[in-house]
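Coordinate-derived values only; no laboratory data. The structure displayed is predicted, hence computed values, not measured ones. Cβ placement follows ideal geometry from the backbone for every residue including glycine, while neighbour counts extend to all protein chains displayed.
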Amino acid sequence: MTIKTFFNPFVFFLLVSFSVTAQKEVSGRVLDINNEPIPGVNIVVENATDIGALTSFEGYFNIVIPEENNVLVFSYLGLQTKKVEVNDLDNIEVVMISSDVDLDEVIVVGYSSESKRNLTGSVLKIDRDLLSIEQPNSIEKALKGKFAGVQIINSDGAPGSGVSIKVRGANSITAGTAPLYVVDGIPYPVSDDPLQNPLSNLAPGDIENITILKDVASTAIYGAEGANGVILITTVRAKFNQSQWNLKTAIGFSNITKSLPMMSPEDYMSSMMMEFYMRNQYRRDEVDFYQEYADQIWNTAPHRFKNYEDEVMKTSIRNTYDLSFNGGSDILKNATFLSYMSDDGIAINTGFNRLYLKSNSFVKASQKITFDANLQYSRTERLGLHWSADGNGGIFNEVASFSPLIPKEWTFSEVDDKLYYTNGTFDNPYRKLNDIDVSEARGSFTGYLGFNYNFGRGLNFKLSASQSISDTKYQKYVPTTIRSSYENSGEAEFRDRKDRYYSYLAQLNYGFSFLRNHRVSLLGGFEMKGNMYEIFQQSYDNFDTDLGIYGVQLASSGDHVKPPQIIYNDHRMSSGFLSINYNYNDKYIIKSSLRADASSRFGPNNKWGFFPATAIAWRISDEQFYKKNNILKKYMPNAKLRLSLGRSGNNLIENYMYTTSVSGGDRNFVSILDPNDMGNTYVGQVGNITAMYFPRIPNPNISWETTSEINFGLDVDLFQDKLDVSLDIYSRTTSDMLLNQELTMISGFPSQLVNIGELGAKGIELSINSNPIQTEDFNWNVAFNISSNKTKILSLGNDSNQILTGRFIGRSDSENVLIKEGFPLGLYFGMHVEGIRNTYESNSNSTNSNTWWFANEREAPYGFISFADIDGDGSVELSDRFPLAHVDPLFIGGFNQQFTYKNFSLGMSFNWSYGNDVINSNFYSLASQSQGINNKLEILNKGAYFGNQRDGYYVGPGPVYWTAAYRQTSNSELVEDGSFFRMTNLSIGYSVPRNILDLFNIKSLNILYTVDNVFTLTRYSGYNPEVNTGFNVDTRLLGGVDYSSYPLSSTHSISLNFNF
């Protein structure tokens, strides 16, 4: 080998080595002043801007720089640009602060985060600052009236009651309409059951912020589960390098907000006397219950008797205790939160308890590797006979309408012994609430573990796994003081539901910049989810113990156990997603995503659904022509146009609908004529048998519902950022809806699930946030929002242009919901009541097709209802039914404002709904004049029809009642205006001065007085116009139904919040 041959590669090696040693690698993390990571920060080398990097989702970065360049420049729109001298450091932590433009807020969206300034979709967020002023006692109260286009409705007013949330109305008719909840990165199973969403399990004091993604472009990356919107909840995380303890204690007192105007005991007696008179039964000795009643009621002390609402309702006490720890070092940080809340309810023997424990940890194993873990346990317990699921949802109707002359201690047997007309059918509602033992306890444990590896140069890998396990035990014991239990020698029920949910996620983020002002970020991932549950349900009767539910299970009698019911369900999904974001100088922003979901709810040929989305944002205020306009620059310094479009899917149907399934249980069978016997001999008997059967006809071709949406948005800041305005206008179409199509009788099944029809929706949303006054001592924040969403059935497929279906409303449970082409969703359908007949004329306003209605040429038709002849053919038939009510509002909105002056704070929140109807199913109980039943006060004398009071508008008492036939057809008497304006929260706070607290080694002490449900302005006659009794398909077909709902309460609370 020659010297020359050796020298050439040697020189090359030395040059390469020198080049390598002349560079060094610097890594670190970028945080805001709250120690929150800032993703997407642009990092360049000073005087060498061709070398750059971007921070990852967790704020980490890695960059290789020349040794002679010691200065890194960190820039992010809305934050002050920062220069950092690296010198000999290889790891640095950079804290960036806000610039004068307050647009630096970071919002979590779709497996990543983005600054508020660079959002391209319709996204809204509230943070801890607002929640700390209001101190809500439940998550749904924190959300009400805060988000444009988001409707939040409680099932009723019970403590711990479920809540339904609709984001931009309904996307489907029979498939699910519930949003996806993601808590600390953990997605929860989507369910329309108000009690199954995770909101009631969380402690409001542990909430850091809540973000709602509304448009399809923002939610499409979550796939089918995000089809109805996504609610992202972030709990408090470790932020401080020193330990901090927080203790909060609160006590509240609740009372019913509104009493129903029922007859007093004296009024009730007068009405009852008229009832006996009209029945020709007026005899004082029969009306008297016993002589003491006669003496007390008619002569001396009628006030000793009370309406049962007064007997049952009480002042409830709510106690809340929160204890939290937050702290650590740069290597290990932890936030732990422990909370206990108890509310004994405003109705006797009802209540709700919640225990909540969460621990969130962050570990920095090295410069490249970090771990985060989240453990959460909650236990909730609902007590009392009040929710509809227990089969006794009508209890508060009974409370309102029960005779005030019957002592609350009487059981059904005592009522029957002393009141000759009851025939043992009257159960005392006070005894039912007090004696029946009902509870539902749910324990839930959720674990999350995340692994992050920062490769450097903008490349970051994340792997996470989460699992949730819950066990729900429902038990009900009915003693023999209740009629049904007495007749069955005891009644009891036990139900155990076990849920398991898992989610595994692997994602890769890569961000880079080029030519300084061009930034690109890529996101790809794969996700697997599974949701399994099993239910064991057992009922008992004819047992030989009176020791409660545990005694029943140990009872020695052999025939008290009924056959159990066992249900098992399993749903799994596999998904892949890809997102590409391009940003040019924060002026032009393009985001595109594609999600592919495979669902076990569909057959092999239709498992996969593909959901693309694209969003574009143009910050028009950065254009030169805009900046040159002094008026725009001065009064509207920031303006951004947004356009997004995309498609999402919906698979929220029952499992196994595509394949054949077999069920077992009691089935009816019909006797068949023997064809060989001319004497018409029957084979078999009519009755029930236990058999295996096919519950439905499968459809292997069912596939995804798909929703396409286009959204136009405008964001502007006015008057030197004193006023922020966001406007969104959208149009949405859902195709291939999953509907049950009627089948011919020869098929043996009433219907089959198929993909047919289209549903359209259009809406507009306006949000305004303002900070009119901000000084050193005084601050005033105002927020206002209003929105409107209108749906329209575009097609129902094939030759059908309408579907008549039903849900339980009073005694009507069929053909009371209209789904028709060209009409909106949420239509209540039936007969219009035009008044009360008040003449002796023959009854020409009747029907021939229903013998249970009112027969022609009725002998005494007066005093009964008159249905309207809508089609004008001279006869009232079922063809005269038409839409009676629309339960969806024309507008919903909210108004909130907060004041702070030195150490004082004042907060007020309002929400409203306009143009919606409520179906008051309670009317049948409260306006049915019958023996032993109390009625609405307005019925007395002038309200009801009598022979000498013919302008009454209620059916009067008499020998024949309208109740049975009248209730079986849906009609307009139940419809009321459900519009309302409500002050949901009033809060007054005071922060104790620091110089006083220093004497006791306390960092801060806040004293807060709050009032929930301060007042409601409405024309609705029931307890609460903002109610939606029922769940799942019922509420999707027709919401806004009030059936014996738990009354709404107003709570006054005092809380103390210590920081140590």
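Backbone phi angles across segment 511-516, fed through the Karplus curve with coefficients 6.51, -1.76 and 1.60 (θ = phi - 60°), yield HN-Hα couplings of x, 8, 10, 8, 6, 6 Hz in residue order; Gly and Pro are listed as x.
Sorting 1039-1045, 764-770 by their mean Cβ neighbour count within 10 Å, with the most densely packed peptide first, gives 1039-1045, 764-770.
What the Cβ-Cβ distance of Asn69 and Lys1003 gives, at R0 = 45 Å and to the nearest 0.05, is a FRET efficiency of 0.60. Which lysines, on any chain, are close to Lys83 with Cα under 28 Å apart, when same-chain ones fewer than 8 places away are left out? Qualifying lysines at Cα under 28 Å: Lys24, Lys116, Lys239, Lys333, Lys364, Lys368, Lys587, Lys627. Taking Lys and Arg as +1 and Asp and Glu as -1, the other residues whose beta-carbon sits under 12 Å from that of His832 total -4. Residues whose amide H lies under 5 Å from that of Gln23, counting only those 5 or more places away or on a different chain, are Glu67; hydrogens are built 1.01 Å from N in the peptide plane. A simple spin-label model places the labels of Phe512 and Tyr656 5.1 nm from each other, with each point 7 Å out along Cα-to-Cβ. So if R0 is 22 Å, what FRET efficiency would Leu332 and Ile92 give, r being the distance between their Cβ atoms, rounded to the nearest 0.05? Once rounded, the FRET efficiency stands at 0.65.
Here Trp912, Trp245, Trp780 are placed in order of increasing Cβ neighbour count within 10 Å, fewest first, which gives Trp245, Trp780, Trp912. Stretching Ser270 away from Asn771 to a fully extended chain increases their span by 174.4 nm, per 0.36 nm per residue minus the current alpha-carbon distance.
A simple count of charges around Leu986, restricted to other residues whose Cβ falls under 13 Å of its Cβ and scoring Lys, Arg +1 and Asp, Glu -1, yields 0. Would you mind classifying segment 22-104 by shape? Square roots of the alpha carbon gyration tensor eigenvalues, ordered a ≥ b ≥ c; an a/c under 1.5 is rounded, otherwise it is prolate if a/b is larger than b/c and oblate if not. It is prolate, given that a/c is not under 1.5 and a/b is the larger ratio.
Where a ≥ b ≥ c are the square roots of the eigenvalues of the C-alpha gyration tensor, would you call segment 158-262 rounded, which needs a/c under 1.5, or, failing that, prolate if a/b is larger than b/c, or oblate? Since a/c reaches 1.5 but b/c is at least a/b, the shape of segment 158-262 is classed as oblate. Grab the other residues whose beta carbon is less than 10 angstrom from that of Ala615, score K and R as +1, D and E as -1, and report the net. Net of charged neighbours comes to +1. Here the label points at Phe882 and Ser814, each 7 Å from Cα along the C-beta direction, are separated by 2.6 nm in the simple model. Relative to the current alpha-carbon distance between Asn255 and Leu578, full extension at 0.36 nm per residue lengthens the span by 111.1 nm. Full extension of the chain between Asn779 and Ile729 gives 14.8 nm of extra length, using 0.36 nm per residue less the Cα-Cα distance. Would any residue of segment 632-654 have its amide N under 19 Å from a label point 7 Å out along Cα→Cβ of Asn569? List them or say none. What the label zone holds, given the 19 Å backbone N cut-off, is 650-654. Less than 5 angstrom separates the built amide H of Gly757 from those of Asp736, Met737, Gly797, all sequence-distant by 5 or more or on a different chain.
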